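Heads up, the thing below is written out as structure tokens.
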Amino acid sequence: MNDKEKNQKSVPDDDRVHITKSIFETQKEIRKKSDEEERLKQAERECIIDKQKRKAQEAHDKRLEAERLELLRLKQGIIKESATIHEEHEEKIKLTFWQKIVNFFYHNKWWLGIGTVFAVIAVVLFINLFNKPHPDMIVLVIGESYAISQESSLDEYIASFADDYNGNGEKLVSVYYIPYTGIETKDYANSVHTKLTAELQSAHGVILIGNKLTEDVLFDDALTDLSEIYPDNKYVQNDKFMLSETDFAEKIGLEKNRISDDWFISIREPRNLAYTELDEMQEIYDRDFAVFDAIIKDLTETE
């Protein structure tokens, strides 16, 4: 046997790379061995960390138990002071003037918001109250007529006979339109009965324009008997001055056929009402009758 063969036999089998294994299998074994070593190292690290956590928790528990016992001794008066328990005082935060303002608004923002809303509402109501037009007189229109309520200049026509009773520098007449139809559902939808009660039980408006259905909502002798005041006027029918045959339509800016035969103008007789005393209604009646009389004369003379 030569020297080369002796050297080959002296090398252990475990230290030789088997030529029958592929390079891939060799790398796989190396990687597997490396992963196993890393796993063992990680397990060792986790074990160390776990031990440290347990020690820390045990130390924490011991400290809490010692403080609990110390506190118990303090409460029982066994000791007066404690070396381990100290009373903690919250440090006062000093705020600047502007920081105090910001802090106040921040902590009271909801109440301030609610207060602001009510303040705005109060201001709007206050402005509306003082800026709301105060009419010199009020005229009631009871009955359904789109032409009279929406297309006419009835308020301007009546204002032409009125005076500046409230002394605000202008003559203003308000027309309160109540579209009474006698149809329950329709009147209910338009709050007609509520409006009728409010106006007919007060003396704000004594001059009344209506149609044949208006009589359904008036009590007996609610209107002044015009036949005694204008005995020779051909348009007067007891307590009504009929409008269809006069120039009333043209004078309020409508075509003559827009006013049906049953429309009239009257004036309410003074009396005690739910919301008005007789004296108050009599005063309004005396003032507005001058306007009513001027209208009757104007419509009669132009025929």
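Figures for the structure shown
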| item | result |
| --- | --- |
| Identity of the residue in region 271-288, open to solvent by less than 90 Å² (accessible area, probe 1.4 Å) and in a loop (DSSP other than H, G, I, E, B), that ends up farthest from residue 198 (Cα to Cα) | 271 |
| Residue that is least open to solvent (accessible area, probe 1.4 Å), among those in region 214-227 that are in a helix (DSSP H, G or I) and among the aliphatic types (A, V, I, L, M) | 226 |
| Criterion (assigned to a helix (DSSP H, G or I), at pLDDT below 80 and open to solvent by less than 80 Å² (accessible area, probe 1.4 Å)) met by exactly one of 69, 95 | 69 |
| Selected residue (only one of 227, 260 is in contact with a strand residue (DSSP E or B) (Cβ under 9 Å, 6 or more places away or on another chain) and modelled with pLDDT under 95) | 227 |
| Helices (runs of 4 or more DSSP H) enclosed by region 141-213 - at least 3 residues per element that are open to solvent by 60 Å² or more (accessible area, probe 1.4 Å) | 184-189, 192-200 |
| Restricting region 247-270 to residues that are in a loop (DSSP other than H, G, I, E, B) and of a type in the set (A, V, I, L, M), the residue that is surrounded by the fewest Cβ atoms within 10 Å (Cβ to Cβ) | 254 |
| Filter result for residue 250 (under 22 Å from residue 291 (Cα atoms), under 39 Å from the mean Cα position of the chain (by Cα) and not basic (Lys, Arg)) | no |
| Filtered residues of region 254-280 (kept if more than 19 Å from residue 142 (Cα to Cα) and touching a helix residue (DSSP H, G or I) at 6+ places or on another chain (Cβ under 7 Å)) | 255, 256, 271, 272 |
| Unique residue being more than 25 Å from residue 274 (Cβ to Cβ), out of contact with any helix residue (DSSP H, G or I) (no Cβ under 6 Å at 6 or more places or on another chain) and of a type in the set (A, V, I, L, M) when the list is 138, 229, 209 | 229 |
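The values are calculated or read from the model by the stated rules, or taken from the named source; none is laboratory data. All of these numbers come straight from a predicted model, not from anything done at the bench. Note: ideal-geometry Cβ built from the backbone for every residue, glycine included; neighbour counts use all protein chains shown. Quick note on the areas: whole protein, heavy atoms, side chains included, nothing else; ligands and nucleic acids left out. Shrake-Rupley method; radii C 1.70, N 1.55, O 1.52, S 1.80 Å.
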